[in-house]
Amino acid sequence: MELILEKTFLKELKRCPAFVQKQVESVLESIFRATDIMHVPNCSVMQGKENKAYYRIRVGGYRIGLKYENGVVKIVTIITIQSRGDIYKKFPPK
């Protein structure tokens, strides 16, 4: 799979603690090695009718928001989660 990292994702990742950055690095490696999006650990599709191309990956108390279309994974955002529902307020982009 092709992997594209957005500038905003990289900025947000730099602000995260070092242990989270290491976890995200291993997640990115697993995405790169996967043959299909469903083979990525902790990856689940976002709920909702229009959200079929958007997925989230749990990394501890953080969530990675990504878009998957035609074999290309575009990492859009990393979100700190205070409560479970916060990811739905910020992702997917409207």
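The values are calculated or read from the model by the stated rules, or taken from the named source; none is laboratory data. Being a predicted model, the structure only gives us computed values, none of them experimental. Because the Cβ atoms are built from the backbone with ideal geometry, glycine has one as well, and the counts that use them run over all protein chains shown. For the accessible areas, the whole protein counts, side chains as well, though only heavy atoms, and no ligand, DNA or RNA atoms are used. Shrake-Rupley method; radii C 1.70, N 1.55, O 1.52, S 1.80 Å.
Loop-resident trypsin sites (Lys or Arg not before Pro) (DSSP state other than H, G, I, E or B) in the stretch 5-57 with no more than 10 further Cβ atoms inside 10 Å of their Cβ: Lys49.
Ordering Val20, Val45, Leu66 by the projection of their Cα atoms onto the charge dipole of the stretch 2-82, which places +1 on the Cβ of Lys and Arg and -1 on the Cβ of Asp and Glu, puts Val20 at the extreme positive end. The residues of the chain expose, per residue, 65 Å² of accessible area to a 1.4 Å probe. The accessible-area ordering, largest first, of the residues Val76, Val45, Val59 stands as Val45, Val76, Val59, per a 1.4 angstrom probe.
A Förster radius of 35 Å, combined with the Cβ-Cβ distance separating Ser44 from Phe19, puts the computed FRET efficiency at roughly 0.95. Ignoring any ligand, DNA or RNA, what whole percent of the accessible area of the stretch 1-81 comes from carbon and sulfur when the probe is 1.4 angstrom? Whole-percent figure for carbon plus sulfur exposure: 51. Here are labelled values, [x] 12.3, 36; [y] 16.8, 56; [z] 11.6, 32, and one is the computed Rg and Dmax of the Cα atoms in Å for what I pasted. Which one? Working out Rg and Dmax of the Cα atoms in Å from the coordinates points to [x].
Full extension of the chain segment joining Lys74 with Leu5 gains 24.2 nm, where the gain is 0.36 nm per residue of separation less the Cα-Cα distance.
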